[in-house]
Amino acid sequence: MNTIALYCRRMVHKVSYVLFVSRKFSDYSCDGDSTSNGFQYVEEPLRRLYKYTEFDSHDFKSFGEDHFTPRRHFIENVRMDAGRVIDILRQDGPGYDVKAALNELQLRVSGLLVREVLVRILRNINYENRTKCAKLAYRFFVWSSLQENYRHTANAYHLIMKIFAEAEEYKAMWRLLDEMVEKGYPTTARTFNILICTCGEAGLARRVVERFIKSKTFNFRPFKHSYNAILQVLLAIRQYKLIEWVYQRMLDEGYYPDTLTYNIIMCAKYRLGKLNHFHRLLDEMGRSGFPPDLHTYNILLHVLGKGDKPIAALNLLNHMKEVDYDPTALHFTTLIDGLSRAGNLEACKYFFDEMIRNGCFPDVVCYTVMITSYVVAGELENAQALFDDMIAGGLLPNVFTYNSMIRGLCMAERYDEAYSMLKEMESRGCNPNFLVYSTLVSNLRNGGKLSLARKVIKEMEEKGQHVPIFKGCKR
C-alpha cells in the first residue's frame, strides 16, 4: 500500500491535468472540540451542507419581534394566545375539561400558534414532568387539528415527535410517523433526523434507516437521492458503521455515488481507521470523473496534517491554486490543527505565515488552533503574543481561545494571571462555560491554590453553573 504522502503526490499530479473545479464555496468556521481529535474541521462543514429550513433540532426557540417586524401586532397576539393555552394546559387534572376550556377561548388557530405552544412545552420538559408534558402537548395537538380552517404542517408533526422523543414515548412517536404518511405529509430529512437521533442503539437505528430507504414518501431535496440525505444525517450523529452499511445498500440498489457521497464515506472510513479503504475511494472518485471539492481537499489536508506530511500538504495547496481554487481559512486551519496534533510546531508556524502571505487572513478558530499549539508546546510567550495580535486585529477571542490561554498560564504556574484572564473574558462579554471553569479549578487544585479554587467555585455557584466536586476544594 502506498504511503499517504506518495499517494497524495500522485493524486496531485493526476488531478492537475484532468480535473476542473467549477463550483464556488463559502467559508465555514467551526468551534473547537477537544474530544473530536481535530476532525471537527472536516465533518462540521459537511454536516452544515444542508440547512434545514423547518427548525433546528438543537435550538427550539420561540419567534421574536425582530423576525416578524411587519406583523408585530399579530405576533404579539399569538404570543398572548399561546400563554393562555399554556395556562389552561397546566390546570389539567381530575374534573377539569381541557378541551372545553380551550374552546371557550375562541382562538384563531394558526401554524404560528401551534408552533409557539409546542416549542414552549418542549423547552420546559425535564425528567420529572416529561410524561405530563407529552400528554398535554398531544392533547393540544389533537384539539388544534380539529379547528376550522386549520391543518397541521409537517413542522408541527416534527415538534410533537420531538416532544415524544424527549419524553421517551417511542411508540407514540412511531405512530405519528405512520399518521404523517397516511395523511400525505412528506417525510423529510428532518423527520429522519429526529428518529435516528432518538433510536441511538445500533439495532433501532438500522430499523429507522431501512424504513426510510424503502419509503416512497421520503422527501430528500436538495440531495441527488435519498441515500445522500440519510448518509449526511448519519455523519452528523457520528454513526460511522451505519454509514458503511447504508453505502453498501446504496450500491446494491444500483445507485452511484457522487462527490458528496464520496466525501461522507471517506470521512467514515478514516474515522474507523480503514485507511486502505480511504485510499481506494479517493482513487475511485478520480476515475469516476468527480472533481474534489472544498470538503475533499479539507479531508486530504487533515489526513496529511495528522500524518505529519507538510511537503505533501504544500503540494496539495499549490495544486489547489493551479486549478483556480484558492485555499480558505478552513483549509489552513484543518492543516495546522493536524500538524499540531502530530507535534510539528515548526510546520504549524510555516503554514500560518503562508496563509497570511497568500492573502487569506486567519479567523478566530485559526488563531485559537495556533495559540493552543503554542500552549501545548510550552511556548506561552508566543501564545500570548498571538493572542494580543488577534485582539489588536479586531477579533474577539471565544471560550476555547480563553481556555487555552488559561491552561497555558496555569502550566507556567502563573495562577493569579490565569484568574485575571477569567475576569478579562467576562469583561469582554465572553461568558465562561463549564470547560473554562473546570480547567481553571483543576489546575488551581493541582497547584495547591485551594483558596483561589474555592473562590472560583463560589463564583460558579452564584452564576448557576454546574459545580463538580473537586478533591481538596470544599464548597
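Please find, within the range 384-395, the residue that is nearest to A329 (Cα to Cα) out of those that are open to solvent by 60 Å² or more (accessible area, probe 1.4 Å) and not small (G, A, S).
So the residue we want is D389.
Would you confirm, using the coordinates I've provided, whether I265 is modelled with pLDDT of 90 or more and among the β-branched types (V, I, T)?
Yes: the conditions hold for I265.
Within the range 330-383, can you find the residues that are in contact with a His (Cβ under 9 Å, 6 or more places away or on another chain) and surrounded by fewer than 22 Cβ atoms within 10 Å (Cβ to Cβ)?
Correct list: C360 only.
Limited to the range 182-197, what total is found for residues that are under 10 Å from V233 (Cα atoms) and free of Cβ contacts under 8 Å to residues at least 24 places away in the same chain?
Residues flagged as under 10 Å from V233 (Cα atoms) and free of Cβ contacts under 8 Å to residues at least 24 places away in the same chain within the range 182-197 amount to 0.
Any residue in the range 254-266 that's of a type in the set (D, E, K, R): show its pairings with residues that are assigned to a helix (DSSP H, G or I) and open to solvent by 10 Å² or more (accessible area, probe 1.4 Å) at Cβ separation under 7 Å, as long as the two are six or more apart or on different chains.
That search, which allows pairs on different chains as well, returns nothing.
Checking R84 against (1) assigned to a helix (DSSP H, G or I); (2) farther than 30 Å from V303 by Cα; (3) at pLDDT below 90; (4) open to solvent by 40 Å² or more (accessible area, probe 1.4 Å), which test does it fail?
The single condition R84 does not satisfy is (3).
Only one of (1) free of Cβ contacts under 8 Å to residues at least 60 places away in the same chain; (2) closer than 23 Å to P362 by Cβ; (3) basic (K, R) is not met by K274, so which one is it?
The number of the failed condition is (2).
Inspect all residues belonging to the range 153-164 and state whether any of them is small (G, A, S) and in contact with a His (Cβ under 8 Å, 6 or more places away or on another chain).
Kept after step one, since they are small (G, A, S), are these residues of the range 153-164: 154, 156.
Keeping just the survivors that are in contact with a His (Cβ under 8 Å, 6 or more places away or on another chain) gives none.
No, the range 153-164 has no match at all.
Could you tell me how many of the residues in the range 292-324 are open to solvent by less than 30 Å² (accessible area, probe 1.4 Å), over 19 Å from G359 (Cβ atoms) and not in a helix (DSSP H, G or I)?
Adding up the residues that qualify gives 2.
Every residue, every condition in (1) outside any helix (DSSP H, G or I); (2) of a type in the set (A, V, I, L, M), yes or no:
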site: L159; (1), (2): no, yes
site: E168; (1), (2): yes, no
site: W174; (1), (2): no, no
site: K224; (1), (2): yes, no
site: Y227; (1), (2): no, no
site: I230; (1), (2): no, yes
site: V233; (1), (2): no, yes
site: V246; (1), (2): no, yes
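Based on what the data block shows, is A229 at pLDDT below 80 and open to solvent by less than 10 Å² (accessible area, probe 1.4 Å)?
For A229, the condition - at pLDDT below 80 and open to solvent by less than 10 Å² (accessible area, probe 1.4 Å) - is not met.
Anything in the range 121-140 that is farther than 14 Å from A82 by Cβ and of a type outside the set (V, I, T)? List them, or say none.
Hits for the range 121-140 are N126, Y127, E128, N129, R130, K132, C133, A134, K135, Y138, R139.
Which pairs do you get when a residue that is more than 10 Å from V117 (Cα to Cα), found in the range 72-89, comes within reach of a residue that is of a type outside the set (G, A, S) and open to solvent by 30 Å² or more (accessible area, probe 1.4 Å), reach meaning Cβ atoms under 7 angstrom, with the pair 6+ apart or on two chains?
As it stands, the answer is R72/E65; I75/E65; I75/F68, since those pairs meet every condition given.
Scanning for something part of a helix (DSSP H, G or I), of a type in the set (A, V, I, L, M, F, W, C), open to solvent by 60 Å² or more (accessible area, probe 1.4 Å) and in contact (Cβ under 8 Å) with a residue 12 or more places away in the chain, does the range 199-217 turn up at least one residue?
Yes, because at least one residue in the range 199-217 is part of a helix (DSSP H, G or I), of a type in the set (A, V, I, L, M, F, W, C), open to solvent by 60 Å² or more (accessible area, probe 1.4 Å) and in contact (Cβ under 8 Å) with a residue 12 or more places away in the chain.
Here are some conditions: (1) open to solvent by 10 Å² or more (accessible area, probe 1.4 Å); (2) touching a residue at least 12 places away in the same chain (Cβ under 8 Å); (3) assigned to a helix (DSSP H, G or I); (4) not acidic (D, E). P327 meets all but one. Which one does it not meet?
Among (1) open to solvent by 10 Å² or more (accessible area, probe 1.4 Å); (2) touching a residue at least 12 places away in the same chain (Cβ under 8 Å); (3) assigned to a helix (DSSP H, G or I); (4) not acidic (D, E), the lone unmet condition for P327 is (3).
Assuming G95 fulfils every condition listed in (1) in a helix (DSSP H, G or I); (2) free of Cβ contacts under 8 Å to residues at least 12 places away in the same chain apart from one, which condition is it?
So G95 meets the others, but not (1).
The values are calculated or read from the model by the stated rules, or taken from the named source; none is laboratory data. This one's a predicted model, so the numbers in the text were calculated from it and none came from an experiment. Positions of Cβ are backbone-derived with ideal geometry, glycine not excepted, and every protein chain shown enters the neighbour counts. Side chains included, ligands, DNA and RNA excluded: accessible areas come from the protein's heavy atoms. Shrake-Rupley method; radii C 1.70, N 1.55, O 1.52, S 1.80 Å.
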